[in-house]
Amino acid sequence: MEEQTEMVGRAFVDHYYNLFDNDRSSIGTLYQPSSMLTFESQKLQGSENISAKLNALPFGQCRHAISTIDSQPSSFAGGIIVFVSGSIQLLGEDHPLRFSQMFHLIPTVEGSFFVQNDIFRLNYG
Amino acid sequence: MDPDTVAKAFVDHYYSTFDTNRAGLANLYQEASMLSFEGVQIQGAQSIVGKLTSLPFQQCKHDINTVDCQPSGPAGGMLVFVSGNLQLPGEQHALKFSQMFHLMPTPQGSFYVLNDIFRLNYA
C-alpha cells in the first residue's frame, strides 16, 4: 500500500510539472470545479479560475526541478497527499526560485486522479 | 470559527507544545496517524512521539512565517501548510522548514493530526 501511494505520487508529480512546463494551457485538465488553489496566499477555486491564474503568471517559459516527494494516503476514499519541494528556473533569470507545494489527489471514476487541494509557496532566503 | 482561525490556533498550539513539552504532542496524534520526517515514514502516536522526542536536540524554537489552510473534503478535515524557521541552541543560523498537517475532527470538537509531513528547506 505504501509503495503504491509513493508510485502514484511520483507519477503524478512527473505529469503535473511536465504539463506545467511544456503545455501550461492544459493544466486545467488536472482540476475540477471543486478544486482549490492557494498560490502565494491568493485563494482560487475551480479549474477555470485556477488555469487562468497559472497561465497568467508573469513568465513565459519555466522549468521545475524536483528535489523531494513525500506521499501519504489521506484516508479520504483513496485520496493521496503529496508534498513536493524543488526549484523553478525562469527563462533569463540567473538563479532558480525554491518552492514547496502540497497536493491532495482524489481518484476519478476513470481510474486517474485530480487535484482537489493545491497549496504553493516560494521558499525565500 | 472560520478555518483560517482554527488553522492558526492549531499551529500555535502544536509548535508551542513542541518547543516546551515535546512529549505532550502525543495528544495530537492517534493510532492511524502518519508522519514523514525528512523522508522517514512513521505510523501511530507512540512511534511518532518516540521519533520526535528522540531528535538530536533538547531545546528548540519554531518561528512561523506562513500558514495556509484549505478544507480537505466532506469529512470536515483540514489541510494546513506551514513554513518557518527552527532555531536550535548554540547554532548561529536557524534551519528553514516546511510542514504539512492534515487535521481531522474528533468527537470532542477538537482536531488530531492524521497526516504530517516535515521537510527542511536547504539553501
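What follows is calculated from the coordinates using simple rules that are stated; it is not laboratory data. As the structure is a computational prediction, the values presented were derived from the model and not from experiment. Positions of Cβ are backbone-derived with ideal geometry, glycine not excepted, and every protein chain shown enters the neighbour counts.
Taking 8 Å as the Cα distance limit and 6 or more residues as the minimum spacing, I'd like the relative contact order of chain B as a percentage.
Values: 228 pairs, mean separation 29.5, N = 123.
With pairs under 8 Å counted, the relative contact order is 24 percent.
In whole angstrom, how far apart do the alpha carbon centroids of the range B:53-123 and the range B:6-42 sit?
7
Give the angle, between 0 and 90 degrees and rounded to the nearest 10, that separates the Cα long axis of helix A:2-22 from the longest principal axis of the Cα atoms of chain A.
Roughly 30 degrees, rounded to the nearest 10.
Using a cut-off of 9 Å between beta-carbons, work out the net charge of the residues near residue A:38 (Lys and Arg +1, Asp and Glu -1, residue A:38 not included).
Combined, the nearby Lys, Arg, Asp and Glu give -1.
Residues with beta-carbon under 13 Å from that of residue A:89, excluding residue A:89: net charge, scoring Lys, Arg +1 and Asp, Glu -1?
-1
Roughly how many nanometres apart are two label points built 7 Å out from the Cα toward the Cβ at residue B:63 and residue B:1?
Distance between the two pseudo-spin positions: 2.6 nm.
Please enumerate, by chain and number, the lysines with C-alpha under 19 Å from the C-alpha of residue A:53, excluding those fewer than 8 residues away in the same chain.
Counting by Cα, and skipping residues close in sequence, residue A:53 has these lysines nearby: A:43.
Hey, got the average number of other protein chain Cβ atoms within 10 angstrom for residues in B:111-117?
Numbers: counts 0, 0, 0, 6, 10, 3, 8.
Mean number of neighbouring Cβ atoms from other chains: 4.
For peptide B:96-105, what's the mean number of Cβ atoms from other chains within 10 Å of each residue's Cβ?
Mean number of neighbouring Cβ atoms from other chains: 4.
Nearest 0.05, what FRET efficiency do residue A:93 and residue B:106 give at R0 = 45 Å with Cβ-Cβ as r?
Computed FRET efficiency for residue A:93 and residue B:106: 0.45.
Given +1 on the Cβ of Lys and Arg, -1 on the Cβ of Asp and Glu, and no further charges, what dipole in debye does the protein assembly as shown carry about its Cα centre, rounded to the nearest 20? Write down the numbers at each step before the final one.
Working: 13 positive and 23 negative charges, 59 e Å.
Around 280 debye, computed over the protein assembly as shown.
Taking 8 Å as the Cα distance limit and 6 or more residues as the minimum spacing, I'd like the relative contact order of the range B:55-109 as a percentage.
Rounded, it is 33 percent for the range B:55-109.
What is the list of residues in the range B:35-72 whose amide nitrogen lies under 20 Å from a point 7 angstrom out from the Cα of residue B:8, following Cα to Cβ?
B:62-72
I need to check one value: relative contact order of chain A, counting alpha carbon pairs closer than 8 Å and at least 6 residues apart, in percent.
24
At 7 Å along Cα-to-Cβ for each site, give me the label-to-label distance between residue A:23 and residue B:30 in nm.
4.1
Can you give the average number of partner chain beta-carbon atoms within 10 Å of each beta-carbon in peptide A:72-82, as a whole number?
On the way: counts 12, 4, 10, 10, 8, 3, 0, 4, 1, 10, 2.
So the per-residue partner count for this stretch is 6.
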